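Visitor: One structure, pasted below without further comment.
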Amino acid sequence: MTRKMKRAALALAAALLCGALSGCGAEEPAVTETFAMDTVMRFTAYGKNGQAAADAADREVRRLEALLDRTDGDSEVSRVNSGAGAPVTVSGETGRLIQSARTFSEDTGGAFDITIAPVMDAWGFTTDEKHVPDRGTLDSLLPLVDSGTIAVEDRGDTALVTIGEGQSIDLGGIAKGYASERIEAIFREQGVASALAYLGGNVYAHGEKPDGAPWRVAVQDPQDTDSCTGVLSLRDAYAITSGGYQRYFEQDGQTYHHIIDPATGYPADSGLLSVTIVAPAVGPDGGDGLTGGTMADAFSTALFVMGEERAIDFWRRSGYEFDMVLVTADGRLLVTDGLEKKFERNEDAGYIYEIIR
Ligand code: AMP
Ligand code: MG
């Protein structure tokens, strides 16, 4: 097991704390565990098609990884990046995901931006040699961070994607959420009524537990990842968390995490330790690319960059349907009112609890 896999396995173990993510009842579920998209994933499904659904979920995350992983030279995203400056033909699916990302960028005032890739590279985030780049390097790269230059022409089964010269895209902030949404579709196709998909910090709770109780999903404590700030009771919902504690490196006694503020080129230093977005399942008709797990993943990253004030303002005014749990660096736990009855806090974690209305 590599160090990365061990770290991810520990995160999974932590997610099991506070009695969350647990199965129950007489019936044994099918469980498939896998390492994909740089994280440990686990699919748990009950009922007669449980095993088929869990296995199909496993195949689906691998299929998506092959399309979307920019460190894989053969992926569609890599083709878009190496063709920068000219149109590149990709699958309709990849094109639509890039189009969603572009919309999220616009709607979050650029806090979420998949053209962050050159800056991620300057930090060495996709390599084993992470380091603080010099200011001059960042200043020369920041003008490339601009989703406004992305053009997507949807042609049904295919799409033509154009990005600007020198630009490259990184779907790391949205791919797992999109994958979780595809898994919702698989659970439905397989007629599974009760299942849980865990994709490293991204959870999709399908239906309810076999005993009729809601799924329990822990919100990890960013300051003590063996513990949780509380537990969400969810049915047919996504709970997707972004936090600086999930991926980082240290240099000269400082820690630098992987969520970059496109305005500065530096790890976002917004006063938040983590953001969990809770969004309803997209349902049998499927999502429109701007809802469900895809939205929740984009917004967990974006609102982490925005910080408390902008995030709350966005929650109140954006028109998108979601709830959230914010953990602040000054020890507060902010929960929007849609979760008032669904969030059971862990008082031992010691946070001051506030409901946002
Ligand atoms: P998440 O774990 O969903 O918050 O996504 C973090 C990942 O998204 C990073 O590892 C990068 O691949 C990418 N990323 C970092 N900063 C941003 C940003 N401001 N907007 C979009 N993607 C980002
Ligand atoms: Mg995200």
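Only the coordinates and a few stated rules stand behind these numbers; no lab work does. All values derive from a computational prediction rather than experimental measurement. Every residue, glycine as well, gets a Cβ built from its backbone with ideal geometry; the counts of neighbours run over all protein chains shown.
Visitor: Once the piece of chain linking A193 and S91 is laid out straight, how much longer is it, given 0.36 nm per residue of separation minus the C-alpha distance between them?
Guide: Extra length from A193 to S91 when fully extended: 33.7 nm.
Visitor: Can you report the principal axis dimensions of region 295-357 using only the alpha carbons, biggest first, rounded to whole angstrom?
Guide: So the three principal-axis extents are 33, 24, 19 Å.
Visitor: Calculated FRET efficiency, D252 and T126, Cβ-Cβ r, R0 25 Å, to nearest 0.05?
Guide: Once rounded, the FRET efficiency stands at 0.70.
Visitor: With a ≥ b ≥ c the root eigenvalues of the C-alpha gyration tensor of region 126-238, is it rounded (a/c under 1.5), prolate (a/b larger than b/c) or oblate?
Guide: oblate
Visitor: While we're looking at this one, here's another question. How would you order 94-103, 223-232 from highest to lowest mean count of nearby Cβ atoms within 10 Å?
Guide: The most tightly packed comes first, giving 94-103, 223-232.
Visitor: What fraction, in whole percent, of alpha-carbon pairs in region 182-265 exceed 21 Å separation?
Guide: 45
Visitor: For the chain, give the magnitude of the charge dipole about the Cα centre (Cβ charges: +1 Lys/Arg, -1 Asp/Glu; no others), in debye to the nearest 20.
Guide: Here the size comes out at about 500 debye.
Visitor: Can I ask one more? Name the shape class, rounded, prolate or oblate, that the alpha-carbon gyration tensor gives for region 155-209, where a ≥ b ≥ c are the square roots of its eigenvalues, rounded holds for a/c under 1.5, and otherwise prolate holds if a/b is larger than b/c and oblate otherwise.
Guide: oblate
Visitor: Of S227, G271, I259, whose Cα points farthest to the positive end of the dipole of region 207-294 (charges on the beta-carbon: +1 Lys, Arg; -1 Asp, Glu; origin at the Cα centre)?
Guide: Checked the options; the winner is S227.
Visitor: Starting from 0 in steps of 10 Å, tell me what percent of the Cα-Cα pairs of region 56-109 lands in each bin.
Guide: In order of increasing distance, the bins hold 23, 47, 27, 3 percent.
Visitor: Same structure, new question: State the three equivalent ellipsoid semi-axes of region 249-357, derived from the C-alpha gyration tensor as the square roots of 5 times its eigenvalues, in descending order and whole Å.
Guide: Square roots of five times the eigenvalues give 25, 20, 12 Å.
Visitor: Given 4 °C and 1.567 mPa s, compute D for region 216-261 with the Stokes-Einstein relation, Rh being the Kirkwood radius over Cα pairs; round to the nearest whole µm²/s.
Guide: The Stokes-Einstein estimate is 104 µm²/s.
Visitor: Which whole-number percent of Cα pairs in region 220-298 have a distance greater than 16 Å?
Guide: Result for the distance tail: 62 percent.
Visitor: Sticking with this structure for a sec: Where both residues lie in the chain, what percent of DSSP beta bridges are antiparallel, nearest 5?
Guide: Beta bridges within the chain, antiparallel portion: roughly 95 percent.
Visitor: Let me ask another. Give, in nm to one decimal, the length gained when the segment between R63 and V31 is fully stretched (0.36 nm per residue of separation minus the Cα-Cα distance).
Guide: Going from the current span to full extension adds 9.6 nm.
Visitor: How would you rank 166-175, 44-53, 123-132, highest first, on the average number of other Cβ atoms within 10 Å across their residues?
Guide: With the highest mean Cβ count within 10 Å placed first, the list reads 166-175, 44-53, 123-132.
Visitor: Turning to a different aspect of this structure: Rounded, prolate or oblate: which fits region 53-146 when a ≥ b ≥ c are the square roots of the eigenvalues of the alpha-carbon gyration tensor, with rounded for a/c under 1.5 and prolate only if a/b beats b/c?
Guide: Prolate shape, in that a/c is at least 1.5 and a/b is the bigger ratio.
Visitor: E347 to A151: extension gain in nm, 0.36 nm per residue of separation minus the Cα-Cα distance?
Guide: Extending this stretch completely gives an extra 65.8 nm.
Visitor: Please compute the Kirkwood hydrodynamic radius over the chain, one decimal place, Å, based on all pairs of different Cα atoms.
Guide: The answer is 20.4 Å.
Visitor: If you don't mind, another one. I need to check one value: relative contact order of region 74-144, counting alpha carbon pairs closer than 8 Å and at least 6 residues apart, in percent.
Guide: 18
Visitor: Run lengths n ≥ 4 of DSSP H only: what is the helix-derived mean residue ellipticity at 222 nm for the chain, with -39500 (n - 2.57) per run over all residues, to the nearest 500?
Guide: Taken over the chain, the calculation gives -9500 deg cm²/dmol.
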